[in-house]
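To start, the structure under review is shown below, and the notes come after it.
The values are calculated or read from the model by the stated rules, or taken from the named source; none is laboratory data. None of these values were measured; they are calculated from a predicted model. Ideal geometry is used to build each Cβ from the backbone, glycine not excepted, and the neighbour counts take in all protein chains shown. Accessible surface areas use protein heavy atoms only, side chains included; no ligands, DNA or RNA. Shrake-Rupley method; radii C 1.70, N 1.55, O 1.52, S 1.80 Å.
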There are 2 protein chains.
Amino acid sequence: MYSAPVSEIGFMLRHVAEFDRIADAFGGDELSEDLVEAILGEAGRFAAEEIAPLNKIADRFGTPWDNGEVTTPPGWREAYSGWAEGGWNGLTAPAAYGGQDLPTMLQVATYEMWNSASMSFAIGPTLTAGAIEALIAHASDDLKKTYLAKLVSGEWMATMNLTEPQAGSDLGALRSRADRNEDGTYSVFGQKIFITYGEHDLTDNIVHLVLARLPDAPAGTRGISLFLVPKFLVNEDGTLGERNDVHCASVEHKLGIHGSPTCTMVYGDKGGAKGWLVGEEHKGLACMFTMMNNARLAVGVQGLGVAEAALQHALAYANERRQGKAPGWSGEGMSPISAHPDIRRNLMTMRALTSVARALCYRCAAAIDMAHKSEGAEKKSWAERAALLTPLAKAVPTDIGVEVASLGVQIHGGMGYIEETGAAQFLRDARIAPIYEGTNGIQAIDLVTRKLPLSGSGEVRGFIEEMRAIVNEAATQNHDGFAEMAGKVGTALDDLAAATDWMLEAQKDGRMEEALAGATPFLRLFGLAAGGALLVQGALATARIGVEAPADALRIHVARYFAGNLIGETASLRFTVTDGSASLLTADAALMAG
Amino acid sequence: MYSAPVSEIGFMLRHVAEFDRIADAFGGDELSEDLVEAILGEAGRFAAEEIAPLNKIADRFGTPWDNGEVTTPPGWREAYSGWAEGGWNGLTAPAAYGGQDLPTMLQVATYEMWNSASMSFAIGPTLTAGAIEALIAHASDDLKKTYLAKLVSGEWMATMNLTEPQAGSDLGALRSRADRNEDGTYSVFGQKIFITYGEHDLTDNIVHLVLARLPDAPAGTRGISLFLVPKFLVNEDGTLGERNDVHCASVEHKLGIHGSPTCTMVYGDKGGAKGWLVGEEHKGLACMFTMMNNARLAVGVQGLGVAEAALQHALAYANERRQGKAPGWSGEGMSPISAHPDIRRNLMTMRALTSVARALCYRCAAAIDMAHKSEGAEKKSWAERAALLTPLAKAVPTDIGVEVASLGVQIHGGMGYIEETGAAQFLRDARIAPIYEGTNGIQAIDLVTRKLPLSGSGEVRGFIEEMRAIVNEAATQNHDGFAEMAGKVGTALDDLAAATDWMLEAQKDGRMEEALAGATPFLRLFGLAAGGALLVQGALATARIGVEAPADALRIHVARYFAGNLIGETASLRFTVTDGSASLLTADAALMAG
């Protein structure tokens, strides 16, 4: 059963994500170390005790649909209301709306735990958080007054309605439409698919944010507007009024996250769903992009959360299950399988990858917080850092979530394939995260085409130099293995720098097809090199503070293991990026012929 | 929908698995090219038309258990009897028992197609084929007379009963027991788990092969005997008699292969299941090992089959689905996603990995056939080749099956996560293959500890030299890209040779823990290097024959793509093997503390 790694999370916040700087920015006195520990500890308790026990039940029960109504799994309502009452929904929201004005970094840390406990549970509030952010940035005062406090308290939940059957990665193709009414409201029509928590029984009202086109809208992405469409209209006094013309037509039968209802939503089937414009007409996509960084990071955190849970699950099994005799085993009878070198390799790989995922997510959260709290040139610089790290923090941890969960299944042997064990559920749940909120392929394209050129490539070069400084510091330490580790991570950073140069050059030369063909291996290379450097940073801090608990020694081992066993792939990825596309791009005609 | 790649399979048989040599060994005249084409063509038709349409239905329906009886999915019985009537079950069995005495290589080629059509369907006959082999090699004439013809015709099916709750990878721990009866039969008692097709309604009788201990058996693996335990006893005249004391207590709820009943079997609950000894007392494990090469290869073929099916499924979707505009797209509206470079990379990776899986499986089958048909030193040499390639042919294609199926899900985007699309089923089905019939970790240990030392390492060195000869030939060709491809594959073979040297040295020095810690990366390195060389062999043959169809051009592209984009990982794997274990093995104490 899941136990929240509160002290490891705390360490990572302080020493890899440089929490002190954030605390200062948020008004240091109020954000004491004690408060942070209390928050993490209580979140960990709630996640482990109140949410985690529901995860398997939810997987079995699903979210049955009946005549437009969706029932959440047993225990879900109670857990959600306890969670909302605990104030977890409003962690980062402004105090003016009942929030706690805390850094995103703490929200990310708590979401890691909610996701480890149950990805299906955590995803609902994740979307509400995104909607809150969009409304704060773009909604009229009236809309804010009517909706924000109830969304911040968790009394109502919200959804994001983007996808249509013909418009997935390409939102320019969307067809839902909105007509202007005389009273300033809009009538919304259309069908949306893959709407997470589009319908459910957790809250009395559901606030849908919907992308649609006005009749006179330009074609493509510049003709999309954002509307707020509540399930129930809200009376002047804040009570619920009429049922709006939005209905859940079905829920999907999915590979995983069975506890999360994925809905087809139909707007305007009975004359038009009443909606209110958010932001300006035709600028809906820009409103969405406001919260894109956070939403993508939030999906990365799903990968991290599931990876941690799968690791704990596999480690417990490997320490319990006995088969054969490991070399050097002197105990009675069979040894636990965790003593076998090959199983140890799998466990260490899971541990190292999970730590990389955590480091990237928290580091990205730090940049978002600093961008939020700083001004002028500093703000621009942090915003660029957040922009650079976002595709990495989305794609790398979600790929890791799948890889770690799959290794977890493997460690369980035949038992891993049996659903009651729970190992397979982690794999099924994790598999969506590389897909939604922009597929990881799209993250790679975003990284290459939009993020590398930031500040004339100054942003990415600055980041690589920061990582190199960490490695240079490690190279001078006398601790066992640090110099070797620094050497290997340094080589990976050389590979990253070379591949980055090539990517920038290719785009400057207009060789877009080549650049795009190398995007995914480039992102992987970036994640390995940056992840390795961040693990070194953690190892350095551990050595500086002093190795006290086994967890401290392990943290250093994990960094060394990653450098000695996993990071070396950057050498081949570099050449895949720079040389590999030729053999890919010449082949398409033949490939298309099937 | 699946379409059998009959001509690609035929090419691979002839030019990578060197089918002519097999045909000679089996009596060349009878095994004409026409006959082989007819066999492949008809198998492809049956797989695509009769089996594939049932695969998704079976996934939904599963194999419900009711009071000891198991119902197979709708259409399963008809498909199975049509399949058995087609003679597909007895392809390699001796003519004396109604078989067709054909090479294993053709069986493997047809099983690729059955597995592409439905892994759940194909796995039943796979186990029957293993049982037939064990009985031919070890059973008494009486048992052969009673059972073999019916198993070869497919009128009855068979199972393999090894695993018990406490005895999975370590069969020495098994506890099922058998008492000697006065009439020469045995009474078998015990519980077996994970028994594939342990109970079903496809055939009137089911023949269980069961590992159990005699009362005076030595402890461990040297005290295990093999028994034949029929579901129904067989009368003298061959008709079915009494129901035996063996019952299916439950079926598992699994991640995938829902059409294949995975049973808990209880023997002797009502006084003892009547069994007959196969082979000698206490030598049961040796009997099992007789067919281990074939069974492991058969599981590798499952990985290959699912990979091919997932690739076809994803390619069809990518050619149909339109989103965005790919660079250079000049068609109307959105381009098919198969035009986007990142999707093309995924498709090419799927294609290349599937080809590697096919090459390894067919090459291994060739060695098994040659060992079967040759004598003396030649037989020993081919048997060692089969032994060397078996862990590779099991582990590499099954890892590839999971990787390719997962890429297939990714290409489908959100639709890949919805069960009705079918992409997710390939992933769920494929995920068992790296686990059973010896986990891939155990394959790696087998490769390192038992196969590398064969003939004082002469076998592995000879194989690497053969691969190098292929690459050397390619290096001298003037065809576009061949020299470059040869250079990259040659480097991978250098990595393989160096890692092999280190592995042999480590074991000679008694550094077993280090050798075992590097086993899995070593196997992956071996698979990449050998796979790359075999793709080069295919490319050479294609160039020699002449590029006519698009499939010929594609085959060369795939080999170049693999060399230019995927094989380079051997460079880092080599150092993971030779240097990586230090940071792993020093860490265990901390890791165990969790």
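Could you give the spread of the C-alpha atoms of the stretch B:259-376 along their three principal axes, from largest to smallest, in whole angstroms?
Dimensions of the stretch B:259-376 along the principal axes of its Cα atoms: 73, 48, 16 Å.
Could you pull the accessible area for B:Asp170 with a 1.4 Å probe, rounded to 10 Å²?
Counting only protein heavy atoms, the figure is 40 Å².
Taking beta carbons within 10 Å but only from partner chains, what does the mean come to for residues B:342-352?
Partner-chain Cβ atoms within 10 Å, mean over residues of B:342-352: 5.
Got a sec to turn the phi values of the stretch A:322-332 into Karplus ³J(HN,Hα) couplings, 6.51 cos²θ - 1.76 cosθ + 1.60 with θ = phi - 60°, whole Hz, x for Gly and Pro?
Going residue by residue, I get 10, 8, x, 10, 6, x, x, 5, 10, x, 7 Hz, with x marking Gly and Pro.
For a quick check: with amide H placed at 1.01 Å from N, whose amide H comes under 5 Å from A:Ile206's, ignoring anything fewer than 5 positions away on the same chain?
A:Lys231, A:Phe232
Taking B:Ser3 in one copy and the same position in all the others, each labelled 7 Å out along Cα→Cβ, what are the pairwise distances from the first, in nm, shortest first?
Result for B:Ser3, in nm, nearest copy first: 5.7.
When the Karplus curve 6.51 cos²θ - 1.76 cosθ + 1.60 is applied with θ = phi - 60°, which whole-Hz ³J(HN,Hα) does each residue of the stretch A:279-284 get, with x for Gly and Pro?
Once θ is set to phi - 60°, the couplings for the stretch A:279-284 become x, 9, 4, 6, 10, x Hz.
With every protein chain kept in place and ligands, DNA and RNA left out, what is the accessible area per residue of the protein assembly as shown? Probe 1.4 Å, answer in Å².
Averaged over the residues of the protein assembly as shown, the accessible area is 34 Å².
With labels modelled as points extended 7 Å from the Cα through the Cβ direction, what inter-label distance (nm, one decimal) is found for A:Asp101 paired with A:Ala316?
4.0 nm
Explain nothing, just the number: relative contact order of the stretch B:1-152, from Cα pairs under 8 Å at least 6 residues apart, as a whole percent.
23 percent
Accessible area drop of at least 50 Å² (1.4 Å probe, protein heavy atoms): which residues of the stretch A:532-566 qualify, relative to the chain alone?
A:His557, A:Asn565
On the accessible surface of the stretch A:319-439, probed at 1.4 Å, how many percent belong to carbon and sulfur atoms?
With neighbouring chains kept in place, the figure for the stretch A:319-439 is 54 percent.
Before we go on, tell me the buried accessible area for the B/A pair, both chains summed, 1.4 Å probe, in Å² to the nearest 100.
Using a 1.4 Å probe, the pair buries roughly 7300 Å².
Given charges of +1 on the Cβ of Lys and Arg and -1 on the Cβ of Asp and Glu, with all other atoms neutral, how large is the dipole of chain A about its Cα centre, in debye to the nearest 20?
Using Cβ point charges on Lys, Arg, Asp and Glu, chain A gives about 1200 debye.
The stretch A:291-438: percent of C-alpha pairs farther apart than 22 Å?
47 percent
Would you kindly work out, in nm and rounded to one decimal, the distances from the label point of B:Glu419 to those of the same position in each other copy, ordered shortest first, with label points 7 Å along Cα-to-Cβ?
0.7
Please compute the average number of Cβ atoms from other chains found within 10 Å of each residue's Cβ in peptide B:188-199.
1
Sort A:His340, A:His479, A:His208 by accessible area with a 1.4 Å probe, largest first.
Result of the area sort, largest leading: A:His479, A:His340, A:His208.
Return the inverse of the average 1/r over all pairs of distinct C-alpha atoms in the stretch A:404-533, which is the Kirkwood hydrodynamic radius, in Å to one decimal.
Kirkwood hydrodynamic radius for the stretch A:404-533: 17.1 Å.
Which one of A:Leu228, A:Leu202, A:Trp329 has its Cα pushed farthest toward the positive end of the charge dipole of chain A, where Lys and Arg give +1 and Asp and Glu give -1 at the Cβ?
Towards the positive end, the residue furthest out is A:Trp329.
Please average, across the residues of B:243-249, the number of beta carbons from any other chain that are within 10 Å of each residue's own beta carbon, and give a whole number.
Average per residue, whole number: 0.
Given only helices, namely DSSP H runs of n ≥ 4 each adding -39500 (n - 2.57), what is the per-residue ellipticity at 222 nm of chain A, to the nearest 500 deg cm²/dmol?
-17500 deg cm²/dmol
What value does the stretch B:432-486 have for Rg/Rh, both radii from Cα atoms and Rh as Kirkwood defines it?
The Rg/Rh ratio comes out at 1.21.
List the residues of the stretch B:570-584 whose accessible area drops by at least 20 Å² when all protein chains are present, compared with their chain alone, using a 1.4 Å probe and counting only protein heavy atoms.
The answer is B:Ser572, B:Thr576, B:Asp579, B:Gly580, B:Ser583, B:Leu584 - residues whose exposure falls by at least 20 Å² when every protein chain is included.
Using unit Cβ charges (K, R positive; D, E negative) and no other charged atoms, how large, in debye to the nearest 20, is the dipole of the stretch A:114-238 about its Cα centre?
So the dipole magnitude of the stretch A:114-238 works out to roughly 420 debye.
Which whole-number percent is the relative contact order of the stretch A:397-483 (Cα, under 8 Å, 6+ apart)?
18 percent
Taking the alpha-carbon distance from A:Lys394 and a cut-off under 12 Å, which aspartates and glutamates remain once sequence neighbours fewer than 8 residues away in the same chain are dropped?
Here the aspartates and glutamates satisfying the reach criterion relative to A:Lys394 are A:Glu437, A:Asp446.
Read phi for every residue in the stretch B:153-168 and hand back ³J(HN,Hα) as whole Hz from Karplus 6.51 cos²θ - 1.76 cosθ + 1.60, θ = phi - 60°, with x for Gly and Pro.
Going residue by residue, I get 6, x, 4, 10, 10, 10, 10, 10, 10, 10, 5, 10, x, 8, 10, x Hz, with x marking Gly and Pro.
If Rh is defined by the Kirkwood formula over all Cα pairs and Rg also comes from Cα, what ratio Rg/Rh do you get for chain A?
In chain A, Rg relative to Rh is 0.97.
Sum up the lysine pairs in the stretch B:157-284 that clear both bars: alpha-carbon distance under 18 Å and a spacing of 8 or more or different chains.
Total qualifying Lys-Lys pairs in the stretch B:157-284 comes to 6.
What percent do you get for the relative contact order of chain B when only Cα pairs under 8 Å and 6+ apart count?
13 percent
Note down the accessible area of B:Lys380, probe 1.4 Å, to the nearest 10 Å².
Solvent-accessible area, nearest 10 Å²: 120 Å².
Give me the residues in the stretch A:419-443 whose solvent-accessible area, probe 1.4 Å, is reduced by at least 30 Å² once all protein chains are included instead of the chain isolated.
When all protein chains are present, A:Glu419, A:Leu427, A:Arg431, A:Ile432, A:Ile435 each give up 30 Å² or more of accessible surface.
Students sometimes get this wrong: rank B:Trp65, B:Trp88 by accessible area, probe 1.4 Å, all chains present, largest first.
Solvent-accessible surface, decreasing: B:Trp65, B:Trp88.
Which value, in nm² and rounded to one decimal, describes the direction-averaged projected area of the C-alpha convex hull of the stretch A:6-153?
Value for the stretch A:6-153: 10.0 nm².
Which helices, counted as full DSSP H runs in chain B, have an axial Cα extent of no less than 30 Å and a Kyte-Doolittle average of -1.0 or above?
Span-like helices, by this rule, are B:292-320, B:341-373, B:376-411, B:482-508, B:519-545.
With all protein chains present and a 1.4 Å probe, how do B:Ser381, B:Ser260 order by accessible area, largest first?
B:Ser381, B:Ser260
If we hang a label 7 Å off Cα along the beta carbon direction at B:Arg175, how far is it from the matching labels on the other copies, in nm, shortest first?
Listed shortest first, these distances are 6.4 nm.
What accessible area, in Å² to the nearest ten, does a 1.4 Å probe give for A:Arg358?
So the heavy atoms of A:Arg358 present about 10 Å² to solvent.
With the cut-off at 54 Å, report for the protein assembly as shown the share of all Cα pairs above it, as a whole percent.
Considering the protein assembly as shown, 20 percent of its Cα-Cα pairs are separated by more than 54 Å.
So how far, in whole Å, is the C-alpha centre of the stretch B:360-422 from the one of the stretch B:186-212?
27 Å
Post the alpha-carbon centroid distance, the stretch B:485-554 to the stretch A:26-103, in whole angstrom.
Answer, in whole Å: 50.
Counting only protein heavy atoms, what percent of the accessible surface of the stretch B:455-594 is carbon or sulfur at a 1.4 Å probe?
C and S fraction of accessible area: 52 percent.
Determine the dipole magnitude for the stretch B:103-186: charges of +1 sit on the beta-carbon of Lys and Arg, -1 on that of Asp and Glu, nothing else is charged, the reference point is the Cα centre, and the result goes in debye to the nearest 20.
80 debye
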